[in-house]
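Heads up, the thing below is written out as structure tokens.
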Amino acid sequence: MRPWSIVALRILGITLLGVLLVVMLSWVRMLWVEDRSPSQAAPTQGRWVRAHDVDLYVQEFGDPAAPLLILTHGTGAWSGTWDQNVQAMAKAGYRVIAVDLPPFGFSTRPAMRDYSRSGQARRIIGLIEALKRGPVTLLGHSYGGGPAAEAAMMRPDLVGHLILVDAAIGLRESTEAMERGGAVAGLIGIRPLRTALIATVGTQPLFSEFWLRKFVARKEVVTSSRTAIYRKPFVLDGFTAGLGDWAVEFAGESGASLSEHPEGFRKLGMPVTLLWGAEDTITPLSQAQMLGHLLQHPKLVILPGVGHIPQIEDVTLFNERIAEVLKHGQSARR
């Protein structure tokens with residue numbers, strides 16, 4: 001064997017050994033850190049509400065008698081990541097209910113590992129029914145936009161105003177979705193392997209700021225203190241494994257949900273506001289414009305200079321615009 005071939009093999013061996021070591025250390029970190037129950041780890045100001053098949057952790061703000069505004073978050077977020085926005089929403093005249101969609105945040109995880117869009121929508125519906133107040137204003141950001149839209153389509157009587165913020169709807173042909181879902185299932189279908197992968201690159205704290213920066217246009221907002229808020233649920237028992245279960249379901253959506261098809265949006269009769277970052281590269285503005293063409297009563301609000309997470313990228317701008325949207329929604333109902 002030539003000398004350069006031996007050197008290449010040694011480099012490859014060292015690289016593989018390094019990767020294996022990182023995976024092992026990440027697995028050990030996961031087992032060491034993820035040891036707390038939701039009741040032990042969750043912020044004390046919240047509470048749990050039984051909804052469908054889980055106990056949803058919610059945080060509430062504003063006048064208890066005011067109309068309800070329910071917030072669903074995006075990938076990797078939870079109710080605590082709305083911390084800079086909820087008071088502005090409450091001042092607009094609402095009782096704000098920020099909810100953790102499992103497996104994110106401090107809600108319990110479903111025994112059957114059902115993280116389908118329809119399963120999440122049933123949990124939102126169950127929450128609204130448990131609160132015994134409706135119809136509500138329902139706001140979904142990013143990943144949370146799909147379940148929010150699905151809930152509005154399944155029970156339009158419970159949703160008076162739907163707000164989608166840079167929503168990851170993913171309209172597609174069913175055949176395309178099925179083909180992609182099969183490929184994903186084959187790639188990360190083995191639970192221990194995907195858990196190890198998520199532990200290495202997902203819930204590994206060293207990568208938290210890296211991933212959060214990928215979702216924003218204004219990189220300077222991703223500070224250590226902001227990232228620490230996103231990491232708070234990382235201590236929950238089985239948190240990493242739950243994220244892996246969710247990732248398989250999310251990546252392999254099969255087209256079975258109403259909100260995966262244009263017809264579902266054409267049938268929505270309630271007002272729908274699309275609030276979108278102009279610099280969003282995750283769910284580009286063109287997706288909002290496409291949704292607007294499908295809706296009966298659309299309103300598109302474009303936020304200049306921000307990307308996929310406008311509520312942390314320009315807090316003042318987002319709070320001003322969402323307050324305007326909410327106040328307009330109140331006026332329209334009267």
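The values are calculated or read from the model by the stated rules, or taken from the named source; none is laboratory data. Computed from a predicted structure; not experimentally measured. Cβ sites come from the backbone with ideal geometry, for glycine too, and all protein chains shown count toward neighbours.
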Worksheet item: Which one of these is in a strand (DSSP E or B), in contact (Cβ under 8 Å) with a residue 40 or more places away in the chain and not small (Gly, Ala, Ser): Leu138, Leu127?
Response: Leu138
Fill in: Verdict on Asp114 being under 27 Å from Arg231 (Cβ atoms), acidic (Asp, Glu) and outside any loop (DSSP other than H, G, I, E, B)
no
Item to complete: Quickly run through the stretch 280-293 and pick out the residues that are part of a helix (DSSP H, G or I) and buried (at least 17 other Cβ atoms within 10 Å of the Cβ).
Response: Leu285, Gln287, Ala288, Leu291
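When you scan the stretch 83-90, do you find a residue that is within 25 Å of Thr240 (Cβ to Cβ), surrounded by 22 or more Cβ atoms within 10 Å (Cβ to Cβ) and not aliphatic (A, V, I, L, M), even just one? Working first, answer last.
Of all residues in the stretch 83-90, those within 25 Å of Thr240 (Cβ to Cβ) come to 83.
Remaining after also requiring surrounded by 22 or more Cβ atoms within 10 Å (Cβ to Cβ): none.
No: zero hits.
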Practice prompt. Starting from the stretch 222-237, take each residue that is within 14 Å of Arg29 (Cα to Cα) and list its partners that are at pLDDT 95 or above and in a helix (DSSP H, G or I), counting only C-beta distances under 6 angstrom and pairs at least six apart or across chains.
Written response: Val235/Ala41; Leu236/Ala41
Discussion item. Could you check the stretch 211-263 and list, in sequence order, the residues that are under 18 Å from the mean Cα position of the chain (by Cα), of a type in the set (Gly, Ala, Ser) and closer than 20 Å to Asp114 by Cα?
Written reply: Ala241, Gly242, Gly244, Ala247, Ala251, Gly252, Ser257, Ser259
Worksheet item: Only one of (1) in contact (Cβ under 8 Å) with a residue 24 or more places away in the chain; (2) in contact with an Asp or Glu (Cβ under 6 Å, 6 or more places away or on another chain); (3) closer than 30 Å to Val33 by Cβ fails for Phe250. Which number is that?
Response: (2)
Discussion item. Exactly one condition in (1) buried (at least 20 other Cβ atoms within 10 Å of the Cβ); (2) part of a helix (DSSP H, G or I) is false for Thr203; which is it?
Written reply: (2)
Worksheet item: Which one is surrounded by the most Cβ atoms within 10 Å (Cβ to Cβ), of the residues in the stretch 211-258 that are in a loop (DSSP other than H, G, I, E, B) and among the acidic types (Asp, Glu)?
Response: Glu253
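Residues are listed down the side, and each one gets a yes or a no for (1) closer than 23 Å to His308 by Cβ; (2) of a type in the set (Phe, Trp, Tyr); (3) modelled with pLDDT of 95 or more:
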residue: Ser5; (1), (2), (3): no, no, no
residue: Val23; (1), (2), (3): no, no, no
residue: Val33; (1), (2), (3): no, no, no
residue: Arg47; (1), (2), (3): no, no, yes
residue: Phe61; (1), (2), (3): no, yes, yes
residue: Pro67; (1), (2), (3): no, no, yes
Worksheet entry | Qualifying residues in the stretch 134-185 (those that are at pLDDT 95 or above and of a type in the set (D, E, K, R)) - the one nearest to Trp276 (Cα to Cα) | Asp166
